[in-house]
Amino acid sequence: MTASIIYEKLGLVNTREMFQKAMEGRYAVPAYNFNNMEQLQAILIGCVQSASPVILQVSGSAREYADAVMMPYMVEGAVAMARNMGSNIPIALHLDHGNTFELAKECIDSGFSSVMIDGSHHSFEDNIRLTAEVVEYAHKKGVTVEGELGVLAGVEDEVSSAVSHYTQPEEVEEFVSKTGADSLAISIGTSHGAHKFKLKPGEEPPSLRFDILEEIEKRLPGYPIVLHGASSVSPEHVAMINQFGGNLESAVGIPAVQLRRAAQSAVCKINIDSDGRLAMTAIIRKIFSEKPSEFDPRKYLGPARTELIELIKAKNEDVLGSAGKA
Ligand code: 13P
């Protein structure tokens, strides 16, 4: 660690100690994606109210959407809001699915405390090369790095893949030792987005591949594992969206019981984006439908923010086990 750590000026920490505590306490730190003020407020208020550590997570395109220059100032303001609420929860700012060294470097230089470099679409050797390059730069600035092995299916901001490839446990030790990455995202059956499985009526989602996770834990004892694509896709929110003019007929996610099991293992970080999007969309659709003359953004974004706060508190409490751990 060097004397001038940029993210400390924003009131942030990296993920190292968060993951250590999560490993010891057998829970997972939530990583919630955001791109606007209401989401950012909701995430922090939800985590402050449930006394949970939190990773504020931003994809490359979310960063562009909010404006790359403005983003760190938004977060600095949000951290000040949390401190003003009397809370001292640890807060990290993390780049989700960084795909180039340049993007990771820009984020590190502008105040991110953690970055993901996702080389999972490259060959094993190129993934190692790219990840090691980012780690070398990041560690000089006190920033932690998440790598990825295996490919998740689904569509997200920067990533899109029709098929998934499970992580091959025999690759993980070489990857971690050659890159120096601080945590590893793996593919064990989750996927990005709101349509994770194609199920027949009455059919249950398939189980995650806990056998792969266990094999990875054996090979990397005490090493933090990350689960992407972990939204549960609330049937209530989907029903509300469909009731008020939406069309999300086949939306389905990962059952909470499986995520709870993962959170008690070496999985120290669980990524949730779609659930928050669905919660806000459901409320906004309902309000637009029931009050067609409403045109004050506060009157629909405000209730959407309240819904997201409740969702986050429930996740921290019931799924991740991170409530009360800050
Ligand atoms: P979901 O689409 O399941 O919320 O996953 C989000 C994610 O993995 C962000 O990296």
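The values are calculated or read from the model by the stated rules, or taken from the named source; none is laboratory data. Keep in mind that what you see is a predicted model, and the values were worked out from it rather than measured. FYI the Cβ positions are ideal-geometry reconstructions off the backbone, even for glycines, and counts take in every protein chain you see. Each accessible area value is taken on the protein alone, full model and side chains, heavy atoms only, with ligands, DNA and RNA left out. Shrake-Rupley method; radii C 1.70, N 1.55, O 1.52, S 1.80 Å.
Can you pull out every residue in region 146-171 that is of a type outside the set (Gly, Ala, Ser) and either under 20 Å from Arg261 (Cβ atoms) or modelled with pLDDT under 95 (or both)?
Applying the first criterion (of a type outside the set (Gly, Ala, Ser)) to region 146-171 yields 146, 148-149, 151-152, 155-159, 163, 165-171.
Matches in region 146-171: Val151, Leu152, Val155, Glu156, Asp157, Glu158, Val159, Val163, His165, Tyr166, Thr167, Pro169.
Look at region 170-193 and say how many of its residues are in contact with a strand residue (DSSP E or B) (Cβ under 9 Å, 6 or more places away or on another chain) and open to solvent by 20 Å² or more (accessible area, probe 1.4 Å).
Of region 170-193, the ones in contact with a strand residue (DSSP E or B) (Cβ under 9 Å, 6 or more places away or on another chain) are 171-172, 175-176, 179-188, 190-193.
Next cut, open to solvent by 20 Å² or more (accessible area, probe 1.4 Å) only: 171, 176, 180, 182.
Matching residues across region 170-193 total 4.
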Item to check | The lone exception for Ile91 - which of (1) more than 27 Å from Val151 (Cβ to Cβ); (2) crowded, with 21+ Cβ neighbours inside 10 Å; (3) hydrophobic (A, V, I, L, M, F, W, C); (4) free of Cβ contacts under 8 Å to residues at least 60 places away in the same chain it fails | outcome: (4)
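Within region 221-229, is even one residue in a loop (DSSP other than H, G, I, E, B) and of a type in the set (A, V, I, L, M, F, W, C)?
If we filter region 221-229 for residues that are in a loop (DSSP other than H, G, I, E, B), which is where we start, we get 221-224, 228-229.
Imposing the further condition that a residue be of a type in the set (A, V, I, L, M, F, W, C) reduces the set to none.
No: zero hits.
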Checklist entry - When you go through (1) more than 15 Å from Lys269 (Cα to Cα); (2) of a type in the set (Val, Ile, Thr); (3) not in a loop (DSSP other than H, G, I, E, B) one by one for Val233, which number turns out not to apply? => result (3)
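If you scan region 12-29, which residues turn out to be open to solvent by less than 30 Å² (accessible area, probe 1.4 Å) and out of contact with any strand residue (DSSP E or B) (no Cβ under 6 Å at 6 or more places or on another chain)? Quick ask: steps written out before the conclusion?
Of the residues in region 12-29, the ones open to solvent by less than 30 Å² (accessible area, probe 1.4 Å) are 12, 14-15, 18-19, 22, 27-29.
Scanning region 12-29 gives a single hit, Tyr27.
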Item to check | Out of Ser52, Ser4, Ser59, sole residue that is surrounded by fewer than 15 Cβ atoms within 10 Å (Cβ to Cβ) and among the polar types (S, T, N, Q) | outcome: Ser4
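Any idea which of Ala78, Ala31, Ala104, Ala82 is part of a helix (DSSP H, G or I) and either hydroxyl-bearing (Ser, Thr, Tyr) or within 16 Å of the ligand (Cβ to nearest atom) (or both)? Can you show your working first?
On the way: Ala78 fails: either hydroxyl-bearing (Ser, Thr, Tyr) or within 16 Å of the ligand (Cβ to nearest atom) (or both); Ala31 fails: part of a helix (DSSP H, G or I); Ala82 fails: either hydroxyl-bearing (Ser, Thr, Tyr) or within 16 Å of the ligand (Cβ to nearest atom) (or both).
On inspection, the qualifying residue turns out to be Ala104.
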Next on the checklist: Cβ-Cβ under 9 Å, sequence separation 6+ or interchain: first residue in region 228-244 and without any contact (Cβ under 8 Å) to a residue 12 or more places away in the chain and under 16 Å from Ala262 (Cβ atoms), partner within 15 Å of the ligand (Cβ to nearest atom) and open to solvent by 40 Å² or more (accessible area, probe 1.4 Å). Which pairs?
Outcome noted: none
Item to check | Any chance Val58 is in a helix (DSSP H, G or I) and in contact with a strand residue (DSSP E or B) (Cβ under 7 Å, 6 or more places away or on another chain) | outcome: no
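Quick test for you: out of Ile254, Ile270, Ile284, pick the one residue that is more than 15 Å from the ligand (Cβ to nearest atom) and either farther than 25 Å from Gln41 by Cα or not in a loop (DSSP other than H, G, I, E, B) (or both).
Values: Ile254 fails: more than 15 Å from the ligand (Cβ to nearest atom); Ile270 fails: more than 15 Å from the ligand (Cβ to nearest atom).
Sole residue among the options that is more than 15 Å from the ligand (Cβ to nearest atom) and either farther than 25 Å from Gln41 by Cα or not in a loop (DSSP other than H, G, I, E, B) (or both): Ile284.
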Checklist entry - Looking only at region 240-283, which residues are among the small types (Gly, Ala, Ser), open to solvent by 40 Å² or more (accessible area, probe 1.4 Å) and under 15 Å from Tyr300 (Cβ atoms)? => result Gly245
Next on the checklist: Condition check: part of a helix (DSSP H, G or I), more than 16 Å from Gln41 (Cβ to Cβ) and under 16 Å from the mean Cα position of the chain (by Cα). Does Arg63 satisfy that?
Outcome noted: yes
